[in-house]
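Asks: I'd like to ask you about the structure that follows.
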Amino acid sequence: MPEEDGLDKKKSHRARQAGVKAVKKKLKVKKDSGNTKESNLTARQRNPKAFAINSVQRAERNFRRKEDITAKKQHIPVVDQTPDEPPPVLIAVVGPPKVGKTTLINNLIKNFTRTNVTDIRGPITIVTSKKRRITLLECNNDINSMIDIAKCADLVLLLCDASYGFEMEIFEFLNICQVHGMPKIMGVLTHLDMIKNPKQLRKRKKELKHRFWTEVYDGAKLFYLSGLLHGEYLRNEVKNLGRFISVMKFRPLSWRGAHSYLLVDRVEDVTNTDLIRRNPKCDREIILYGYVRGVPMKQEHSVHIAGLGDARIEELSAIPDPCPLPGTEKKRSLLEKERLLYAPMSGVGGIVYDKDAVYIELQGSHSHKEKTADAAEQEQLVGKLIDKKQTVDMQIEEQEFRLFSDGSAIKSKDYKDDSDIDEDEDNIEDDEDDSGVDDEDNVSVNSGGEFADGNWRDEDSEGEAAESDNNSSDDEEYQHVDELKSKHKRSVADEDGDEDKDEDSDQEEEKILANSMSWKENLAQKARESFLQRHSEAKNIMRLVYGCYTQSESKKNKFDGNKNADSDSEEELGGLFKVVAKKQSDLQKEKDIRDKMEHCFYEDFSGSTRNWLDEENKAALKNCFVTGKWKASEDAETLLRLDDLSDAESEVYGDFEDLETGEKHIGNSGVEEPHDSKETNSDVMAEGNAEENTRKRRMTRVEEENLTKAELMAKKLKLKAKFDAEYDNKDGSKEDDGRIKGDHDYYEGLKADAQKQSELNKSEFAALDPELRIQIEGFRPGLYVRLGFRAIPAEFIENFDPSYPVLVGGLNMTEENIGYVNCKVKKHRWYKKILKTGDPLIISLGWRRFQTVPIYAKIEDNFRHRYLKYTPNHVTCSMTFWGPITPQNTGFLALQTVRHDLEEMKRLGFRIAATGSVSEMDKSAQIMKKLKLVGQPFKIYKKTAFIKGMFNTGLEVAKFEGAKIKTVSGIRGQIKKAHHEPEGSFRATFEDKILLSDIVFCRTWFRVDVSRFYTPITSLLLPPDQKSQWQGMKTLGQLKRERNIHNQAQPDSQYIEIKREPKIFKPLTIPKALQRALPYKDKPKLGPLTDKKTQELERIAVIRSPHEQKVAKMMNMIETNYKDKRKRDKMETKIRLKQFRAEKRIEEMRKMKRQKEVRKKISRAISKMRKKQDT
């Protein structure tokens, strides 16, 4: 069967186990293994004569060919920015309708996952190997989808019907890819079984392959799917295609390497259902899911949703990967097989990950249970709740109650329960306890109550105010007390309505008076505490150098620790749970202890002085000197040894000779490593890891001075190793194998630098906590993220179609602005029409697709942008439009329409109108249009002339004084002054005398404004059946054709036949005096001596006699009669010749007919004779 034939594999080669060759091989291996010296040598090294060069020219050719092949494979090394867990490879299946795109995707999914997917809708992510995932996406026959997919696809499978050939959609998609960054493209030929003739099939394959190479590049991979078997492609061919996909490598593209983007594979509408019920067209709050690609994505950057518009990210968070790579997490038994395939839009995959939950789709018996009566009643209750226009709280507050029939209604919202007030107060206390304010600095609302209105001061601040205002009078104090009393009364009246207001106010007054007079108590103690406080806030050099606490602080810390232990034991709940909470006051006390200075000068206040005669105190004091051991890795002995080592290594005192004694001293070539150098090096490495980030940049002079001896020694050794690696013979240890090798050190160095930079980029944030890394770096590529957006039009959700891709592209800071963009553009040679200035144009630039009104111009030699009405053919020109600011050299393409209209597509053929790139980004445009002012002279005086018809008033002439003018014949001039009659005329001077028939021009330039028109294409908001029918601004020609409007003929534009009378020039007359002076050869000799007219005038008139008149009349009559007779004879002769020729022609035809009959008879007779002879 053909299926079995397709599954057969070629037999692998089996080496001979017996025979002459096998015996020779075994002896050779045994001999090589016995000779230990030659066992590691290659055949070329053992027998170099066998590999000697026979021909130098042939060896040179081979070497050149090898180097050419190597150079062609070399590319400029690019830093690999692929993360450890890259996002799935995005594979787009593109092609015209009915070429087998869905069938191919189904077969690839079945090849990788052994699963059938009935409905292909949206992206489908599958795991193909241990380190690679792919996302398959089908591109429908819409130019918008083709543009979006070309911007994000990593690999494109370009399907073509081999029986029909390449269609226009394929060429359009290739042009789109060339503009927006060429991904990897693999061609796939289908419907090969429609060509029955094998020879014709081979010829067709060859033609399509070379045409595909012309469009992509020579050697581009082209697969052949020979046919269908039971509705599927042959398994071997699909497996071969899948193997190529699994090992494909991709080069980074410049635009994607500078922007973050994602392809949405799941959409959720999280808008409040009550809002939707009230207003179905309200703006929605949506959640988009997808893998981050490109560069890390940050929430503060804006994004552009292709087909919708720009949007701000309201929420951005990473969620667990719904399709993880094998080994990234533990195996689970729940739907482990389905985790290899993730296609939420196609309804495949039982698990859906959300931000705070995992949803499992239960099907089968769970979804087909019959509804009971209780369930039906519950549904009715829920339906009634949904139909309510207000929430439950609002309905309860609006409830009314009447005690008596004629009494007033009591509403629920007018009364509030006391328990709610107590709960509110408790909540306020909890909020204050949890706030980040210290207890020592703040006074809570419940402690005292007199500072409830916010104008409070703590006790310390009151004491300080009392000290600072010692001279203040008692009246001011009492006045202050009265103010506080009044404020307290207002606050108490607002908070509760108890009857003991007066008693509380009296008690508060007594407290405030006591506090106000307490500043005079313990003045010495307060002064001492303030002095200590000021010193504790200052930087203590002793503390910075020695870093130890005093005994009083250590005792205090022990006491506080015991107290905390007791409090922790008290806070246990039921012996099972412990309340893990720490007051802010305890945290502040610990902070104060850490920040305090070394109280070495004030130990007498603590009551415990240190005895420096004790051995323990002496030992602690030893480390304070230079010879002490400051760190665990540094003591005096180690530092001295490192000093000696560094001096010997630096070779300052190398080999030298004492000139006085003549003694020669030889320096040590190497220094023995100290005994504990291993420990030292390990310590240095342990400290160096912590300081690795700081050493990546160049150290400052202060940092170099503060380095320890061990760090300096490590730095010197590192520099020496670097020097040896650069200048010593790196390949000295390797033996020469006798081959001729090229010099690829420069390229290998570039590759090594790129590899080193990529490793450095990956290791920079690898050790950080994931949340901290996301805050610093952003959401790196490969993460599955959840994007939240608000104020999205309702049509996006209502008209959502998974077959149309949703691409979310990140925008850099400059790309959010809109201004004038200057580009260089070239009309596509396949586009039939030329582009006109002022006609709307649809442009795909960056992530955006928008419509704008461009103006074309040509850059002249003086860098002036001259206005063009139409685009030139086969030549680039400048184009300026109002649109989003985009970086330079960003490619774009232009279309005149994106509607899928068959009649219009037949008329246009190729839809891509122009391609180009951004050249400048500025918010101004200087496009100048040439204007010619025309005038005619009406008075001429030698080189001065008066011109009219160019201007209307003398004011206009005054503005153009000094302007350059020119006649048609090329005579240049200048405008001087205005003339009084006629209005608008002026006097001008010229290089030479002009004529009244000359036309005078004045060339002027004026600025053309670019229309500020920019509208993004919102194709995703249209209904599913109209998504490919987006219509923006129409051109003037389209409007006129639709409304059947014809242009009115302008008289100036019509071509009129110009009748010019021949100009008669005067004859050249040479004066007689000049003729006499001329030599003989230059004197006029050919002309007549007398004029003919004068001769005729001088001729004598002859008058005939009557007889002569009769004779002349008779002769005229005879001559006329003769001429008429000759004419009749010619006509008759012509008629006779015509009749004769007709008779002759008839006779010839009869003669030919007789000859033909005779030839027939002769031929029959000859054939009869031959038959008789044959028989």
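Asks: When a/c reaches 1.5 or more, the comparison of a/b and b/c decides; with that in mind, is the stretch 981-1035 rounded, prolate or oblate per its Cα gyration tensor?
Replies: Prolate is the answer for the stretch 981-1035, as a/c is 1.5 or above and a/b outweighs b/c.
Asks: Would you please classify the overall shape of the stretch 796-913 from the alpha carbon gyration tensor, given that a ≥ b ≥ c denote the square roots of the eigenvalues, rounded means a/c under 1.5, and beyond that prolate means a/b larger than b/c while oblate covers the rest?
Replies: oblate
Asks: Which order do Glu315, Glu300 take by accessible area at a 1.4 Å probe, largest first?
Replies: Glu300, Glu315
Asks: With charges set only on the Cβ (+1 for Lys and Arg, -1 for Asp and Glu), what does the dipole of the stretch 115-197 come to about its Cα centre, in debye to the nearest 20?
Replies: 640 debye
Asks: Right, next: Output the pairs from Lys206/Lys249; Lys196/Lys239; Lys21/Lys66; Lys184/Lys762 with a Cα-Cα distance over 28 Å in this structure; if there are none, say none.
Replies: Listed pairs above 28 Å: Lys21/Lys66.
Asks: Explain nothing, just the number: dipole magnitude of the stretch 749-897 about its Cα centre with +1 on each Lys and Arg Cβ and -1 on each Asp and Glu Cβ, in debye rounded to the nearest 20.
Replies: Dipole magnitude for the stretch 749-897 comes out near 1040 debye.
Asks: Please state the shape class of the stretch 817-872: rounded when a/c is under 1.5, otherwise prolate if a/b exceeds b/c and oblate if not, all from the C-alpha gyration tensor.
Replies: Taking the square roots of the gyration eigenvalues as a ≥ b ≥ c, the stretch 817-872 is oblate.
Asks: While we're looking at this one, here's another question. Evaluate the distance, in nm, between pseudo-label points positioned 7 Å from the Cα of Thr70 and of Asn873 along their respective Cα→Cβ axes.
Replies: Distance between the two pseudo-spin positions: 5.0 nm.
Asks: Given Cα pairs under 8 Å that are at least 6 residues apart, what percent is the relative contact order of the stretch 96-214?
Replies: Reported relative contact order: 23 percent.
Asks: With every protein chain in place, what's the accessible area of Ser919 (1.4 Å probe, Å², nearest 10)?
Replies: Probe radius 1.4 Å; accessible area of Ser919 about 50 Å².
The values are calculated or read from the model by the stated rules, or taken from the named source; none is laboratory data. What you are looking at is a predicted structure, and each value in this text was computed from that prediction instead of being measured. Here Cβ is always computed from backbone atoms with ideal geometry, including for glycine, and neighbour counts include all displayed protein chains. The accessibility values were calculated without ligands, DNA or RNA, using every heavy atom of the protein model including side chains. Shrake-Rupley method; radii C 1.70, N 1.55, O 1.52, S 1.80 Å.
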